[in-house]
Every structure is written in C-alpha cells, then in structure tokens.
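Some notes on the structure that comes next.
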Amino acid sequence: MNAVATNTDATNVISARGLRKAYRSKLALDDTSFEIEAGRIIGLIGPNGAGKTTALKAILGLVPFEGNLKVLGLDPRTQRDELMRDVCFIADVAVLPRWMRVREAIDFVDGIHPRFDRAKCERFIANTQLNPKLRVREMSKGMIVQLHLALVMAIDAKLLVLDEPTLGLDILYRKQFYQRLLEDYFDEQKTIIITTHQVEEIEHILTDVMFIRDGKIVLTSPMDDVAERYTEVLTTSDTIEQARALNPIDERALPFGKTVMLFDGVPRQQLAALGETRNPGLADLFVAIMKGTYA
Amino acid sequence: MNASAHIDRPQSQTVHTGHKTNTFKWLLKREFWENRGGFLWAPVITGAIISVLYLILAVIGSIAGRRAGGDSFQITDEGNMAATLGGFGDGVLLAGVLLAFTVLAFVVFFYALGSLYDDRRDRSILFWKSLPVSDTQMVLSKAVWALLLAPIIAVAVGILIGLSLWLISALTLTVNGVSAGTAVFTHSHPLKIIGGVLASLPVYILWALPAVGWLMLCSAWARSKPFLWAVLLPVLACVIVSMIRILPGTSFPVDKVWYTLVYRGLLSVVPGSWYPAIGLDPTGGQEINSPDQLASAIDLTTSWQAFATADMWIGVALGVAFIAAAIYLRRWRELAD
C-alpha cells in the first residue's frame, strides 16, 4: 500500500478535526482537534473523565462520534475492518480471556493476523515465566500483561494504542513494560499513543505530549519544545516579588522559605537571574495546567 | 510455519505478505476452545453416566433374574420375540441420540445467550476487537457453532451413546440365555436410525434459527442479565396478551402469540420441536403395537415435511434479521456492566 512513504513527507497517522462525543449530558469530546505524525511516541495525558479513553476509542472505531477523523487515511467508523490490520491496542490490563492458554493465544493470533511474527512472539515469551499450557486465569496481572505485550509486539502494526497499560502492576513490571516497548518494538515506522496517570514513568520515553481537559486538547507539543517553553525557577524570599511580576503559571512553596515557580514562554536567561532554573517535570507541568479541574 | 519463505531476510524487517490466514477457521477453533465443556464434554459425560447406570441395571437385572428361577424367559414364539427385540434395539439406539439432543438443547440455549455478552462483561471483547476480525465474522462463527457444529457433535456423541446402550442390551440378553438374544443385533435398524437422525440436521438448523437469532440478539444487546431480557420479554408479552383477552369484546389469537413468541422464539432450540408444529408426532400418529411399526415410525425423514411449512421460512427470515441486528449491535455496543 503506502508503506513506501518516507518519514519526511509521511501523511499524518492521525488527523482529527472537530470531534464531538456526548455521553448523556456530558461532553467527552468537545470540538477536539489534533494531528499525530508517524514515528512518534505520544503521551495523551489528562485528569479522570477528561475524554482520554473516549478519544482513543474513537481512533479505534469502538464508539460512534461526530467530526472528521482519519487514522492511517481511513475512517475508523466505516473502515474499521481494514484499519485493524495496521492498528493494535492494549485497552486495559487483564482483558485477555480467562479460559485461554498461552499456546492457544499464540495459535489464534498467528492464525488470523497477517502481520504477526510467531517466532518473535515465542522469543518474547521465552524470556518470561509463561509456559504454553498456562491459562490466563492462573496468571498474575503482571504475567497477563507480559503475554499481551508479547502478542502485540510481535504484530508489525503501524499504530499501537495503549490505554493505561500498566494500571495495577508493580514497579518492576511497569519499568519492564516500557523498556521492552522501547527496545524491542518502537522504530521510526511505528507510532505509539499512551495514556496513563503515572506520568513520571513515561516522561523519558515520550517524543510528544498532549494534554486533554474537558474534551479539549489544551497542550500539544514535542517534548523538546516543552523543555524550551517552560522553565521552573527556585526563588528565594529576595527574588519572589520580582519573579511574580513575570506571571508564573504556577507556584508552590518549599521548606526554608523557597518557592518554585513555573513560567511559560519567559526566556531562561532572564529567569536565571532570579534563582536556579531547571526543566519542569511533566507531572508538575500537568498539575499547573490542569489547575482548577475539579473545582 | 511460514518462516521458510522469509529465511533470507532479517526477522525484524520481515514483511508478512505470504502469511496465510484463514480467519473463519480460527474463529471456529476459538469457539471450541472456549466452549468444549458444553459442546463436547456435556454430552459425553451424560452419555457415560447413563451407560454406566444402564450397565449396573443390566447386571442387577441378570442376577435377580437368575435367582427368580433361571430360564423362565424361555419363549416359544421365537420369530415374534426376535422382532420385539429388534424393535427394542432400535429404541435403545434412539434413546442415546435423544439423550444427546436433550443436552444439546440446553447447551445451545445458554451458549447463544452468552455468546455476545460474556466477553463484553469480562472486557475480553477489547482483546478480540484489537485483532483484524470483523464483527460479522465473529457473530457468524458463533451462529455456526450453535446451529451446525454443536448439533453435529451431539449427533455423533448421541450415536455412540446409543451404540453403547445397544451393545449392553444385546450382551445382557445373550449372557442370560434368552434364546433370541442376538436378535437385538440382527433385527434392529441402526443405519436407518442414524440416517434419520442425520437427515433431521438440516431441519434443525433452519428450525432453530429464529430462537438462536433471538438469543444472540439479546446477548449482543443486553447491558446486564441477558437471560431476563431474552426470556421474560416474550413471556411477559404473552401473559399481557392473555390478560387483555379476558376483557369482553376483544379477540386475540392468544395461542398463536404464545406459539410465535415462546415456542418459536425460545423453545425451537430443542431438536424435534418441529414435530408438533407440522402436525405430526414422530410416531406418525399411529399407535405402536408391533416392533415393525416402531421401526417405521422412527423414520425421521418425516422431519423434512417441515420444509413445506410457511412457519419454517418465516422463522428463517426472522432469524436472519435477528442475527444481522446482532452483528450491528456487536459493532457499536459498548461494554456490559
């Protein structure tokens, strides 16, 4: 098909304009628009009920919605069957059917998926405690995710969507999950979208970030630009008034009279005079931008 | 499997153009993996239990018979005896099949009712939907199991049960020295019975279609408790119609409503439920006095008369519509509670 398209001129993997989806009275997607390029790892981050899962479900053709959405050039509402050959997702932990054995899962996906690489999957499985006869119902949550990830990583999909893939896993499994994904799966042909509340853990693997709030995208930016645009300054009681004059978007007090302020778009040289500067963590930035969400 | 086709390329760059997929075959396999307990083991275990009970009964009977006075079974009219025993053999064979069919009715009912609901409840539908399988294929694979493959397994297992009961009967009679004991073998009609049972399969598929379709539709639609929706809705509708008729001056064909909604909508998953509907009981309406009459009555090809009824074909049309609706709901319905 269009597999020969190169990175530079690749059409967007996802192009969304004016998405709208209402549940009862609440809007889950409210005129949502965004573009996602190929070869990126995007973190879709938002508070509970902000519309993250709805946006992903729309991309995967799992819910009806209004608006214009193209995923790999296809409309997920009407061309889902075709789309799913190039898209894969892990919607949640522990959604593998409980009766299934490891062997059956591999056989089935191998039987139906044209882009599944069985040898690769078996290699991934070999590195875990999973054995072919084990049933999903006998596995721990972490093992289920290992199996699911092994299946998904062996599929040569163009777009992988992960919705809270590590919820409820311990830190060892969580770290391993993202490490495997980065080392054994991701390349410049692939695009990964991740939602999670554990922002700190995915921060270092993201290339792009999108903040969503009340069904609207409030920030979409490459991670490099985030570092350039936002600066955190550690002010002391001497410089605090000077700093406030520059309109920080957030400030929080630390012990010993120090205050951390977060600035949007203020040149770093200017801020350096006020105190120690550094790149803000994604979690702090998120908190600053989402202030008042639950108010 | 197909690794040899790509052996000269680095694994990570492999493009799986030559990867053969036969999605429907694997969907059918998947259903069997998930439901082999109902499709295979339920009739097999029932058959085994009945066979063992029958065997115990035969042994006890033999012992009791000896104690009571040995060869009091000696019959003078050997010809008549042989025919009777042959008819008995037929009956035993048929009993095996009927046993498996009884199990089948329950299995198909609850399978269809859970088929499009259970994976929405345990969220595993999200896994199935992450794979390149269309909802149409998914729903049809389940319908094929309910209407075709589960009945085929039931017939096969039923025949085996029948044969084992048949064998036990013949051995018991022979061992006890009943003079015409082998007549169970020689004077019964196993091929005729097996043929008749097989001939009724196509009738079953079309006859059960509206009931299976309705159950699958409820299964795809219900947010919770598909059983209540599937069963209570038609039953309550019938009860209400029945009550309305108590009012003076109204005339509803109440029996027809009950027949349509409950008998055809739910109970048609029972194999053989077409006999009363086509005005035929399986004995052909005749009284069975002699073994020969039993043999001819067992001729299940009378089932085919169901094809000549409008009832059957209206049911088929509705069944197809129900399944089409189930496919649509499968596409858009969200998770169950």
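The values are calculated or read from the model by the stated rules, or taken from the named source; none is laboratory data. Only a predicted model underlies this, so the values are computations on that prediction, with no experimental measurement involved. Here the Cβ positions follow ideal geometry from the backbone for every residue, glycine too, while neighbour counts run over all protein chains shown.
Yes or no, residue by residue, for (1) surrounded by fewer than 22 Cβ atoms within 10 Å (Cβ to Cβ); (2) in the same structural domain as A:TYR185 (by TED's automatic domain parsing); (3) among the β-branched types (Val, Ile, Thr):
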| position | (1), (2), (3) |
| --- | --- |
| A:THR32 | no, no, yes |
| A:THR53 | yes, yes, yes |
| A:GLY67 | yes, no, no |
| A:LYS70 | yes, no, no |
(request) Would you point out which residue out of A:ARG135, A:ARG180, A:ARG229 is surrounded by fewer than 18 Cβ atoms within 10 Å (Cβ to Cβ), in contact with a strand residue (DSSP E or B) (Cβ under 6 Å, 6 or more places away or on another chain) and either touching a residue at least 24 places away in the same chain (Cβ under 8 Å) or not hydroxyl-bearing (Ser, Thr, Tyr) (or both)? (result) A:ARG135
(request) Assess whether B:ARG30 counts as being among the basic types (Lys, Arg), under 27 Å from B:ILE152 (Cβ atoms) and either in contact (Cβ under 8 Å) with a residue 40 or more places away in the chain or touching a Ser or Thr at 6+ places or on another chain (Cβ under 7 Å) (or both). (result) yes
(message) Every residue in the stretch A:63-88 that is outside any loop (DSSP other than H, G, I, E, B) and within 11 Å of chain B (Cβ to nearest Cβ), please.
(response) A:ARG80, A:ASP81, A:GLU82, A:LEU83, A:VAL87, A:CYS88
(message) If I ask for residues that are surrounded by fewer than 11 Cβ atoms within 10 Å (Cβ to Cβ), in a helix (DSSP H, G or I) and either of a type in the set (Gly, Ala, Ser) or at pLDDT 95 or above (or both), which ones from the stretch B:57-76 would you list?
(response) B:ALA64, B:ALA68, B:GLY69
(request) Could you please find all residues in the stretch A:264-293 being touching a Phe, Trp or Tyr at 6+ places or on another chain (Cβ under 7 Å) and more than 21 Å from A:PRO47 (Cβ to Cβ)? (result) A:LEU271
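Okay, residues lined up against (1) facing chain B (nearest Cβ under 8 Å); (2) closer than 23 Å to B:ARG331 by Cβ; (3) at pLDDT below 95:
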{"position": "A:ILE42", "(1), (2), (3)": "no, no, no"}
{"position": "A:THR54", "(1), (2), (3)": "no, yes, yes"}
{"position": "A:GLY61", "(1), (2), (3)": "no, yes, yes"}
{"position": "A:ILE90", "(1), (2), (3)": "yes, yes, yes"}
{"position": "A:ALA105", "(1), (2), (3)": "no, no, no"}
{"position": "A:PHE108", "(1), (2), (3)": "yes, yes, no"}
(request) Could you pull out the residue among B:GLY96, B:GLY87 that is touching a Gly at 6+ places or on another chain (Cβ under 9 Å) and either more than 14 Å from chain A (Cβ to nearest Cβ) or farther than 23 Å from B:VAL320 by Cα (or both)? (result) B:GLY96
(message) Quick test for you: out of B:ILE193, B:ILE153, B:ILE161, B:ILE168, pick the one residue that is touching a residue at least 12 places away in the same chain (Cβ under 8 Å), among the β-branched types (Val, Ile, Thr), surrounded by fewer than 24 Cβ atoms within 10 Å (Cβ to Cβ) and under 30 Å from B:GLY319 (Cβ atoms).
(response) B:ILE153
(request) Go through the stretch A:183-267 and tell me which helices (runs of 4 or more DSSP H), entirely inside it, have 1 or more residues that are among the small types (Gly, Ala, Ser) and farther than 30 Å from A:LEU160 by Cβ. (result) A:240-244
(request) Please work out if A:VAL218 is of a type outside the set (Phe, Trp, Tyr), at pLDDT below 90 and under 25 Å from the mean Cα position of the chain (by Cα). (result) no
(message) Filter the stretch A:130-173 down to the residues that are assigned to a helix (DSSP H, G or I) and either within 21 Å of A:LYS190 (Cα to Cα) or at the interface with another protein chain (Cβ under 10 Å from one of its Cβ atoms) (or both) and list them by number.
(response) A:VAL136, A:VAL145, A:GLN146, A:LEU147, A:HIS148, A:LEU149, A:ALA150, A:LEU151, A:VAL152, A:MET153
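Here's the yes/no breakdown for (1) within 14 Å of another protein chain (Cβ to nearest Cβ); (2) modelled with pLDDT of 95 or more; (3) within 30 Å of B:TRP33 (Cβ to Cβ):
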site	(1), (2), (3)
B:LYS129	yes, no, yes
B:LEU148	no, yes, yes
B:ILE153	no, yes, yes
B:TRP166	no, no, no
B:THR172	no, no, no
B:GLY177	no, no, no
B:ALA183	no, no, no
B:LYS192	no, no, no
